[in-house]
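S.K.: I'd like to ask some things about the structure below.
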């Protein structure tokens, strides 16, 4: 299975795996699955840190990179096709980062790992 972790799933997988559901935790570590973290999540994290809405240690970028390597995850870069799909998504969710993650998952044929129930309203597989 090809998985794309939502931003909260990325942060929890790296720093607080006990917050993940049992299914999410098992799916992330299964060698049968291909896990990806989006650079869109890095952007979201950086914005929240700069606004003071998310407190992380000063070395948060290194911790994420170390966690990514530990989970054998790859970075999914933002592509023009992802941006184009966002324009056609219905307005079920107003969060621009989640909308882009949905577009990336759909475009790349990935399952989105997220606890956000609103994402189930899109034409994307969501696992939690």
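S.K.: What number, in percent, do you get for the relative contact order of the chain if the mean sequence gap of Cα pairs under 8 Å and at least 6 apart is divided by its residue count?
M.R.: In percent, rounded to a whole number, it is 32.
S.K.: Answer with a single label: of [x] 37, 37, 25; [y] 42, 32, 26; [z] 35, 33, 23, which was calculated as Cα extents along the principal axes in Å from the structure in view?
M.R.: Matching the structure shown: [x].
S.K.: Continuing with the same structure: Sorting 125, 62 on the 10 Å Cβ count, fewest up front, what's the list?
M.R.: By the 10 Å Cβ count, ascending, the order reads 62, 125.
S.K.: Continuing with this model, one more query. Can you bin the range 44-90 into rounded, prolate or oblate? Criterion: square roots of the alpha carbon gyration tensor eigenvalues sorted a ≥ b ≥ c, rounded for a/c under 1.5, prolate for a/b above b/c, oblate for the rest.
M.R.: Note, shape of the range 44-90 comes out oblate.
A short reminder: the numbers here are calculations on the coordinates, not readings from a lab. Quick caveat: nothing in here was measured; it's all calculated off a predicted structure. As a convention, Cβ positions derive from the backbone with ideal geometry for all residues, glycine included, and neighbour counts pool all protein chains shown.
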